[in-house]
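Every number in this text was worked out from the coordinates using simple rules, so none of it is lab data. As the structure is a prediction and not an experimental result, all values here were calculated from the model. Glycine gets a Cβ as well: all are built from the backbone with ideal geometry, and neighbour counts include every protein chain shown.
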Amino acid sequence: MEEFFENEAVKRFEEMIENNEELFFDIEEYEDVISYYLEIGDYQYAEEAIKYAQNLYPDSERIKLRKLEFLLEKEENLQAKILIRELENSADEDMDFIICCAKYYSNMGNPRKAINLCEKALEKEEDEDFIHNFIADEYKNLDDPFSALKHYQMALKHEPSDEYALESIMLCYAEMNRTEEALIFINNYLDNYPFSEIAWYEYGSLHFNNKNYQKAIEGFDYLLAINPHSVAVYANKAACYEALNEWEKAIETYIDSQEYEFTKSYSFYKIGQCYQKKGLLIPALNALQKSLHEDPQFHLSMMAISDIYEELGNLNEAAHFALEASRLSENNLEIQKKLAFLYISLGKLEEALICLKKMVETEPGRFYNWYAYAEVLMLVGDYDKAEQKLKIALKRHQRAELYYQLSNCYFNLKRDKDARLALEQALSLNPSMIQDMQTKYPYIDAEIKKEQSQTK
């Protein structure tokens, strides 16, 4: 693979393009250049290389096959089909052509045909790990993890260092809920390949998901012994300590990770959370402020600071940091809900309405967004708008609470007939709420008491 990515032909081709020159490449070199660009996903350069190659070798079957690969990667299936028809008589037994045909049927949503072609390719006993992975992927498309597992295992047998096959095997075991078999498999693999980073990661993750946190920590420790620069693994190890409520060890692990981090913002954020869970709010604030110093736009730390200030009873500071976070993540509804709650608690109802409006616009299917929006509109005395929004809400949610609110709106708007009709509808949907509604809405309380006195 290293030789592939240091291909001299690729360097020459790029120099030719940059210098606007005409250099000679034989067919094999152009194949290597095109394959290189397809491998790294640089389709613009791949197309350029195909164009140059076809100008020089217009009848080359090998170049046409590389073009077919390009078309399939880009999912330009109609053009690919035309080229397949052109090549099928001369290249029918060619390994690359068979795989391209399998890829075409895969693109077209016909995994069984793709599998049949791959099985034909296996007869040539070339690239067997790649083909078994291909077959396994198609079985996954057929929702057949058992067959997929079998072929991923065959791929790994042909190429024991195949990380994709190894990861896919573990995913299949998880999908089939075969935890014990997964443990036996990964232990056997590690017995044979004890320096596999991916295997130790899978070992640790498997134990973590099974809540066997000490075993998970052992796996992550082995991985870190092999490669201490694996920053993400420190986070996984720390998560184990967090699950065990061992906050100090979690903090130590996050501190260890900072030696290898490009930015310490996330680790300081997690350290702050650990201190907060220990009830040490001031050290938590210090860590979170360091997080923001590392990355002033890290909204998670802003929200964590907001939570701490709320816990300390400083709602103005809590709202300030929640507002800053909302500006960095405008479509984050959880932040909008938090900010709306803080504004309501502070009596800043107009500001709360801005948040609530965003909530009903972004998440109209959630009943409580409409309920809160209407409630605050009534609190600021905007009964006309509250009525308008409640009518929209009732098209989605036939809930008694909304009819009680609508009844209150109508009473305040001196539309008593409409108010009584809305109240009747509310009572028919949920009469058990009436005492709470009488406490909240004086007009409804007066109406109920009036009716009760008339029935005596």
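Out of all the residues in segment 175-210, which are under 22 Å from S230 (Cα atoms) and not in a helix (DSSP H, G or I)? Within segment 175-210, Y193, P194, F195, S196 qualify. Which of the residues belonging to segment 412-456 are outside any helix (DSSP H, G or I) and buried (at least 17 other Cβ atoms within 10 Å of the Cβ)? Y441, the sole residue that qualifies.
Scanning segment 379-402 for residues that are part of a helix (DSSP H, G or I), more than 15 Å from M437 (Cα to Cα) and not hydrophobic (A, V, I, L, M, F, W, C) yields Y383, D384, K385, E387, Q388, K389, K391, K395, R396. Comparison of Q79, Q44 shows that the only residue that is surrounded by fewer than 16 Cβ atoms within 10 Å (Cβ to Cβ), among the polar types (S, T, N, Q) and under 20 Å from Y104 (Cβ atoms) is Q79.
Is one or more of the residues making up segment 117-132 of a type in the set (G, A, S), farther than 28 Å from E197 by Cα and surrounded by fewer than 20 Cβ atoms within 10 Å (Cβ to Cβ)? No, because not a single residue in segment 117-132 is of a type in the set (G, A, S), farther than 28 Å from E197 by Cα and surrounded by fewer than 20 Cβ atoms within 10 Å (Cβ to Cβ).
In segment 238-251, the count of residues that are among the β-branched types (V, I, T) and more than 27 Å from the chain's Cα centre (by Cα) is zero. Any residue at all in segment 196-203 that's among the hydrophobic types (A, V, I, L, M, F, W, C), more than 24 Å from the chain's Cα centre (by Cα) and crowded, with 20+ Cβ neighbours inside 10 Å? No, segment 196-203 contains no residue that is among the hydrophobic types (A, V, I, L, M, F, W, C), more than 24 Å from the chain's Cα centre (by Cα) and crowded, with 20+ Cβ neighbours inside 10 Å. For segment 403-415, the condition of being basic (K, R), more than 19 Å from D436 (Cβ to Cβ) and over 38 Å from the mean Cα position of the chain (by Cα) holds for at least one residue. Looking across segment 159-170, the residues that are surrounded by 17 or more Cβ atoms within 10 Å (Cβ to Cβ) and assigned to a helix (DSSP H, G or I) come down to Y164, A165, L166, S168, I169, M170.
Checking every residue in segment 376-392 against the condition of being touching a residue at least 24 places away in the same chain (Cβ under 8 Å), touching an Asp or Glu at 6+ places or on another chain (Cβ under 9 Å) and farther than 26 Å from L339 by Cα gives zero matches.
Of these, A250, A225, which one is among the aliphatic types (A, V, I, L, M) and crowded, with 19+ Cβ neighbours inside 10 Å? Spell out how you get there, then give the answer.
Numbers: A225 fails: crowded, with 19+ Cβ neighbours inside 10 Å.
Exactly one of A250, A225 is among the aliphatic types (A, V, I, L, M) and crowded, with 19+ Cβ neighbours inside 10 Å, namely A250.
Quick one: is F220 among the aromatic types (F, W, Y), in a helix (DSSP H, G or I), closer than 29 Å to S168 by Cβ and in contact (Cβ under 8 Å) with a residue 24 or more places away in the chain? For F220, the condition - among the aromatic types (F, W, Y), in a helix (DSSP H, G or I), closer than 29 Å to S168 by Cβ and in contact (Cβ under 8 Å) with a residue 24 or more places away in the chain - is not met. Kindly indicate whether any position in segment 37-49 is over 34 Å from the mean Cα position of the chain (by Cα) and not in a helix (DSSP H, G or I). No, segment 37-49 contains no residue that is over 34 Å from the mean Cα position of the chain (by Cα) and not in a helix (DSSP H, G or I).
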